[in-house]
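First the structure, in the form of structure tokens, and then the observations on it.
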């Protein structure tokens, strides 16, 4: 039985209006997120994955604007709500985000307690003792001891700070947490611990994650389903097994990206890579956006815009080669 | 190579042209440079550079005259200044008697501030001056004078003719009022040019028309002679920018001051900023004990007050603008040091500095090729800010009598204005132009500096 | 492989920490022991890797090799010559022979320079080349070599006008200008997108083969280290704790710290989503001012016993096949086997996470 969908995005479009032209950073994106699942979003830098994350909070970075589409959070379109309502009821309440480098955003002059309480008080009125109890609970949940509350950010290691940020995101019990490269600046051991923590939380709290990163090997560890973005669009979307399984992904881009990911216990003579650079999103190429870099080009790839189609349950691909026609 | 540089300069200029405020700065600079280059033809008083402080040079001008263009905005015009040459000169043979007439066409809303007759005479002379008004009334003044050599005689309506002017119109005024007035305390020029009617003393109404000054000179003895004669009407307005308390023409002063402002401002700011930037960068870059030592030396220089030093030095040397510029450089270089040092501390953390070290670059190369170019925008900005500072500093030194008396500077004009209480008296044309000039000069360099910043900092540029 | 190009013996770098008033009164001094006695040698034409977490002293070691920092203790020999305390002209020569590729290619190039100026710089510094024309030819050749072609298009650009990969190519080109005998590459691909990472690494490897280059590759990323390096040294808190052929280190790691590092690496294979990762390590890395006694890894080690902290620090012993490990109990740990390790480790993780 399919679990309920907490988040459903339909034809989301976000453009940056720069002086040089309109950058179509997110171009008609549709996907959904089930309850208690982790959706991984991967892609090269500049493919629009972070932009998509901010769009889900209805918080595009200027000069970006959401042009169209719907973001249904529990069946309600948050793009139709006023900014005030979004701030009060949606952001941090139902959907929270751990930004890239968020651990460096802790104010150095306040204790962790004060910083956490500030977030809490923005949304709830609560007795000081009760608030403190709650903070302790969440810190314990992310594997930190109570006395972290009294500490200042500089007294904590990078991993601990990242845990504090995750605790703060959890704290108002949102249904969805978007994590944007939460482990990039961390060492491998700490990174593994944070990954374990996120898996743990998914099970214990039942929260759904959207996990944004450029690293396919991390997605393999954390995400139930993977969404591969290329040039503002979805190239492929499938379950962990469909993407990483023995059969391998269907889209040539995903295949290439996976091929470029080094494997620890495999002796390889030559690593594969994707030649060329991602396209300019002001004037993306005609047809399939990947075609200028694609090794298995068909004639129609350069001409016809390629749709995203389901090739097997839960597995969507945007590639002419994958469609039996 | 040379062509490379030229091409670089050309591309720099084409980029510079796109920065609007930069072009404003360049335009202002062109104006200032034009003032310097075309100084000769622009000066209304040619000798202003050498005789600014010579009271005699300015005696012919009115005091506190407004700029002429004020008349464009007032309904009651101020009389313009004029020098009238003699007409109808008749020299009688034998008797050695000369008569001449000086007609003055008066047509203005307000009377001039004074009318003067200026004569250069030798020997014993007796003269008679008649001022005949359009309405026929006249004033007569007689004087006998003798001197062994040549002398300059000045007869002023305001100083020499008060009582006679009073008498000339007293009959028209109410006898009671006339009797109550002290002839020595009337506005003599106003009355001379006023309609002969009651109230002429308290509120004279101007009488337009031709006023004729008739001069009759008798030369006594063989040696006596009349060298020259002219009538000067000191108007209410004079020159492009009016005059000050010492009757000096402010336009000429301002034009003559432009080159000094540029010289003082640019020389002081360029030398001191260059020295300060190099010092600050070196201090930040080397660090350690070199930094500490350089910091201590810096602190010595900031804590020594410049003014007392300048006073002492001016007492020892003859005050000269060059010594002053040198002294200002010696003390002004500290200005950018602290900021530059802190920027250098940040800059040297950049990986490319380390990369250059790794390539084996010398300290000098790193300082001059990698670090100082990054500071060019800041250097320009601080130069721009140092320019007005240097100008006013020079001015305040001039104020205590230690300025270079051989030159005219904007600061000196401004400080003369302050010391004469021009602000309180509302003599705006004495304060605003030099002040504005100093501000514009500062702005010129600030604009150019900011424009260069946007161009020289490639991070602000797009592909 | 012939004579070693670089030999480091007991290389040490201690940084003084600013003292507090009480320490000044008591004549105490604390030191950050960033590199604490590191010995290794690099053969000509090999790629030697230094891996470890941030703060383990790998970058400092690289800078000591570059002589960007003064060596506190130990000796450093380049091509048989002692370069430990060289200065002046000899140092300039050293920097001609040893070049560095930095982590952030953008930061390592002066933003005001064009690529041409960047590449000309080493030639100007060492006054190589007859005239500008000759240098110009070299610059173009090298640009072709790193596949930034056509060169004319790139010469006039500023670093910010290049993509990340192109920038690192330009940075690599700069190090090649002087035909160095050793290149220290400090995390050259960590700031670069995954898709281009492999491209840069293959290019570097290709250049190495063609030009007979020698690299010291500094990284925290074991996966690329395995692909890129011939030999690998794992550093922990300023010391090498395991060293050997890259494949051996990764597939048959013996030091518990290396095992933990390997266990922590994510791999792009399916079926791991619902498993908690096995990271056999506890606690966090201690400060380099306060290095534990005995084996410096013992507070985080799951297998430490009393002798680990009571006795002398273990030495980096050769156990055959060029594999060296600095652990007293590596044999017992090996014997404990996977079964015991997993259960113990996951328990440890749960508690310390």
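Bear in mind that the values in this text are calculations on the coordinates, not laboratory data. In this text, all values refer to a predicted model and were calculated from it rather than measured experimentally. Positions of Cβ are generated from backbone atoms using ideal geometry, with glycine treated the same way; all protein chains shown enter the neighbour counts.
Observations on the model:
- Expected-Rg normalisation [2.2 N^0.38 Å, Cα atoms] applied to the stretch C:37-85: 1.17
- Angle in degrees between helix A:158-170 and the longest Cα principal axis of chain A, rounded to the nearest 10: 90 degrees
- Crossing angle, helix B:250-286 versus chain B [Cα axis fit, 0-90 degrees, rounded to tens]: 20 degrees
- Peptide-level mean, for C:110-121, of C-beta atoms on other protein chains within 10 Å: 4
- Spin-label model, residue C:31/residue A:19: points 7 Å from Cα along the beta carbon direction are separated by 5.4 nm.
- For the stretch B:85-234, pairs of C-alpha atoms spaced more than 24 angstrom apart make up 35 percent of the total.
- Zone of residue C:153's modelled label, taken as backbone nitrogen in the stretch A:269-289 under 16 Å from a point 7 Å along Cα→Cβ: A:275-280
- For chain B, the pair-distance distribution built from all alpha carbon pairs, in bins 20 Å wide starting at 0, is 19, 38, 25, 14, 4, 0 percent.
- Inter-label distance, nm, simple model (7 Å from Cα along the C-beta direction), residue C:293/residue A:79: 6.6 nm
- Protection proxy ranking of B:67-74, A:207-214 - average other beta-carbon atoms within 10 Å, highest first: A:207-214, B:67-74
- What the Cβ-Cβ distance of residue A:150 and residue B:15 gives, at R0 = 56 Å and to the nearest 0.05, is a FRET efficiency of 0.55.
- Where N is the number of residues in the stretch B:241-300, Cα Rg divided by 2.2 N^0.38 Å: 1.95
- Figure legend: label point modelled 7 angstrom from the Cα of residue B:205 along Cα→Cβ; residues of the stretch B:172-188 with amide N under 19 Å from it are B:172-175, B:177-178, B:187.
- Among B:261-271, B:119-129, sorting by the average number of other beta carbon atoms lying within 10 angstrom of each residue, highest first, gives B:261-271, B:119-129.
- Principal axis box of chain A, alpha-carbon based, largest edge first, Å: 67, 51, 46
- Most to least packed among A:44-50, B:76-82 [average Cβ atoms within 10 Å]: A:44-50, B:76-82
- Neighbouring partner chain Cβ atoms per residue of A:255-261, average, 10 Å criterion: 4
- GNM result for chain A, Cα springs below 10 Å: residue of A:186, A:281, A:56 fluctuating most strongly: A:186
- Helix axis angle, C:88-97 relative to chain C longest principal axis, alpha carbon, degrees: 90 degrees
- Shielding score for C:146-157, defined as the mean number of other chain Cβ atoms within 10 Å: 0
- Contact order, relative form, for chain C: 19 percent (alpha carbon pairs under 8 Å, 6 or more residues apart, mean separation divided by residue count).
- R0 of 56 Å, Cβ-Cβ distance residue A:88-residue C:23: FRET efficiency to nearest 0.05: 0.60
- Considering every alpha-carbon pair of the protein assembly as shown, the percent of pairs per 20 Å bin, from zero through the bin containing the longest distance, is 9, 28, 27, 15, 12, 8, 1, 0.
- Helical mean residue ellipticity (222 nm; -39500 (n - 2.57) per DSSP H run of 4+; nearest 500) of chain A: -8000 deg cm²/dmol
- Placing dummy labels 7 Å off each Cα toward the beta-carbon, the span from residue C:190 to residue B:368 is 3.7 nm.
- Alpha-carbon centroids, the stretch A:161-233 and the stretch B:327-346: separation in whole Å: 49 Å
- Convex hull per residue volume in Å³, alpha carbons only, for chain C: 174 Å³
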